[in-house]
Amino acid sequence: MKIEELQDKANDIREVIIKMLAGAGSGHSAGALGSADFWTALYFGGVINYRSDEPEWEDRDRVVLSAGHYCPVLYAVLAEAGFFLKEELDSLRKIDSRLQGHPHKSSTSEVEQLPGVENTSGPLGQGVSVAVGMAMAAKMDKKDWRVICFMGDGEQNEGQVWEAYLNAAKFDLGNLTLVIDRNNIQLSGRTETIMPLEPFKAKLESFGLRVIEVNGHDIEEILQAMKMARVMLDRPTAIILYTTPGKGVDFMENKSEWHGKPPIEPGEAVEALEEINSIKTYE
Amino acid sequence: MKSMRDGFGEGLREAGKRNKNVVVLTADLAESSRANLFAEEFPDRFFDLGIAEQNMMGVAAGMALSGKIPFVCSYAVFSPGRNWEQLRVSVCLTDVNVKIAGAHAGFSANADGATHQALEDMAITRALPNLMVLAPCDYEQTKKVVLASAQINGPVYIRYHKQKLPQVTTADAPFELGKAQVLKEGKDVSVFACGPMVYRSLMVAEKLESKVSVEVVNIHTIKPIDKEVVIRSVKKTGKVVTCEEHQITGGLGSAVAEVLGESCPTPMKRVGVKDVFGESGEYEELVEKYGLGEKDIEEAILKV
């Protein structure tokens, strides 16, 4: 798929996210919109292996969403990729739905299981350890599949995250790619006010990770970084994805108050959809 | 006299022999948990993840999602104590095949003091859906519990002790997960016990034999509790005493009271730690001081 096509697909995903969140009446807008370019590049840019008609295919790459509140974007790309029908997206956060408010993986229940979801997340910091465990298992079994773990920057407040980095470095997990959405906001404000992370890159490097910095809205750059991470197998790679939270919707961009709420006031969703529609280039 | 932890270590090594998917994780406590017996035999399947219990639990979940059968080994106060939420979300909600081994249960970590004594672990694990909770009574039974846990699919918590204690069961004694064991039949009082309280209860039952006929039941599976055996015993005796090296709230006593309160209300006394923290001391001193000794069991039996 051409870069321009991926860009438009990302904006399609943004539209789906707005509709899902407006329909649900609660949920997290900013991160899902801000990372839509990344998620589109990941699933449709040819950088990971998966089979949407065989979600448990043994050799698939494992995409672990550690920051569970980003799930509207995950659900949207999974539906777009054919893991389940798009109509099901309307059930987000509703009773009897497989689209839980935060992703739920059940290794025993076929019924509750949303195809394509690899882990349970929401409480921050947990997914990255799960990803480390998967990468260790793949290494033990000499399997070529890779683990891609997506995290938020506010999530870096959790001590567990840094435990996991020490662990990943100890075992030289070159099959693990950590993607951290550096959008500078978390639930109640700016990340640097609530708990400063900078110098973030230097911290990650000092923990033994190879760091690649990427403009999270440049699909070409994202794809290049993911391809690099795939071939550098000596140690884990961390991609710092610089993004604008709420990207594509002017009244949401860079505003932490949109971290944890959906467009539910009259006119908000319509305005958001019009804006996203106006930035499409290729169609 | 043999320790449950030696039974754990030997059981773990045997489980490793029987199934190549068994892996062992520890947080810098290989030797005292006895996970070292596995490590010596299977170094490629043993991982020391440092003093980081939260990460360890998540790593175990990730390995289980990739086909491994991880045993997570630490002290019960730290795991499932410190990493309870990781146990809840990454393991139990995800319903993955992870076994959590809580060493130094009860007053095992005696001289280390209150911080290291696990008196609440059954309460916090019993509340979690999908999780089986086990408290074996001696060396042989701990071995069997480990092997049986490795054979079932799903999360299991095993608490076990450090001290060398008298044997209650033998190597060829039958054992089945979820099935309570009537070790001594009686008709006046039912004593439901777990862990080292089983042998203490048996000693008391023998001592009282001429006065009171005591039935001693080993409840090694705290959850799901064997309702059938509990109710059957109580219908016969009409009186109940529970004994556990744990707080009297949330553990075995509570589990038994829940069953009987709904199905068969019965006069009851609970022997356990009475809503206080422990302190440093010799193991047997602590058992006596905190009301878990043979005289306390005897008193409960006579008063109920």
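Taken together, the values in this text are just the output of simple stated rules run on the coordinates, not laboratory data. Just so you know, these numbers come straight off a predicted model, no measurement behind them. Because the Cβ atoms are built from the backbone with ideal geometry, glycine has one as well, and the counts that use them run over all protein chains shown.
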Using θ = phi - 60° and Karplus 6.51 cos²θ - 1.76 cosθ + 1.60, couplings along segment B:62-76 (whole Hz; Gly, Pro as x): x, 5, 5, 5, 10, x, 8, 10, x, 9, 9, 10, 7, 7, 4
Cα pair distances of segment B:87-163 binned at 10 Å [whole percent]: 19, 47, 29, 4
Segment A:3-278: Rg to Rh, with Rh as the Kirkwood radius over Cα pairs: 0.94
Förster-model FRET efficiency, 35 Å R0, A:GLU213 and A:GLU112, C-beta, rounded to 0.05: 0.40
Karplus-derived 3J(HN,Hα), 6.51/-1.76/1.60, for each residue of segment A:21-37, Hz, glycine and proline x: 5, 5, x, 6, x, 7, x, 10, 8, 4, x, 4, 5, x, 9, 4, 5
Lys/Arg +1, Asp/Glu -1 at C-beta; segment A:3-278 dipole; positive extreme among A:VAL270, A:TYR242, A:LEU178: A:LEU178
Residues with amide H under 5 Å from that of B:VAL98, placed H, sequence gap 5 or more: B:GLY154, B:VAL156
For chain B, the fraction of alpha-carbon pairs in successive 20 Å shells from zero, as %: 37, 56, 7
Between 0 and 90°, nearest 10: helix B:139-151 axis offset from chain B longest Cα axis: 50 degrees
Cα-Cα over 25 Å, subset of A:LYS19/A:LYS255; A:LYS203/B:LYS68; B:LYS164/B:LYS207; B:LYS143/B:LYS179; B:LYS99/B:LYS144; B:LYS99/B:LYS223: A:LYS203/B:LYS68
Crossing angle, helix A:71-80 versus chain A [Cα axis fit, 0-90 degrees, rounded to tens]: 90 degrees
Cα-based helix-to-principal-axis angle, B:4-18 vs chain B, degrees rounded to 10: 50 degrees
DSSP-assigned coil residues among trypsin sites (Lys or Arg not before Pro) in segment A:1-90, each with at most 11 further Cβ atoms within 10 Å: A:LYS2
Net charge dipole size for the protein assembly as shown [Lys, Arg +1 and Asp, Glu -1 on Cβ; Debye, nearest 20]: 1840 debye
B:GLU40/B:ASP112 FRET efficiency (R0 25 Å; Cβ-Cβ; nearest 0.05): 0.45
Student exercise, segment B:2-165 dipole from Lys, Arg, Asp, Glu Cβ charges, in Debye to nearest 20: 400 debye
Contact order normalised by residue count of chain A, Cα under 8 Å, 6+ apart, percent: 25 percent
Length gained when the stretch A:ASP141-A:ARG235 is fully extended (0.36 nm per residue, less Cα-Cα span): 32.1 nm
For A:LYS142, B:LYS227, order by how many other beta-carbon atoms lie within 10 Å, fewest first: A:LYS142, B:LYS227
Semi-axis lengths (Å, descending) of the ellipsoid that matches the C-alpha gyration tensor of the protein assembly as shown: 51, 25, 20
Computed helical MRE - 222 nm, chain A, DSSP H runs ≥ 4 contributing -39500 (n - 2.57), nearest 500: -11500 deg cm²/dmol
Debye-sum result for segment B:181-303 in log10 I(q)/I(0), which assumes one identical scatterer on each alpha carbon, at q = 0.13, 0.19, 0.20, 0.21 Å⁻¹: -0.45, -0.96, -1.06, -1.17
Separation of alpha-carbon centers, segment B:244-260 and segment B:136-166, rounded to whole Å: 19 Å
Separation of alpha-carbon centers, segment A:238-261 and segment B:1-51, rounded to whole Å: 46 Å
Distance between modelled label sites at A:GLU54 and B:LYS289, nm, 7 Å Cα→Cβ extension: 6.3 nm
Segment A:39-98 - Rg (one decimal) and Dmax (whole number), Cα, Å: 12.0, 35
Pairwise Cα inverse-distance average, inverted: Kirkwood Rh of segment A:91-210 (Å): 15.8 Å
Calculated P(r) tail over 19 Å for segment B:2-165, as whole % of Cα pairs: 46 percent
Average beta carbon contacts from partner chains per residue of B:46-55, 10 Å cutoff: 6
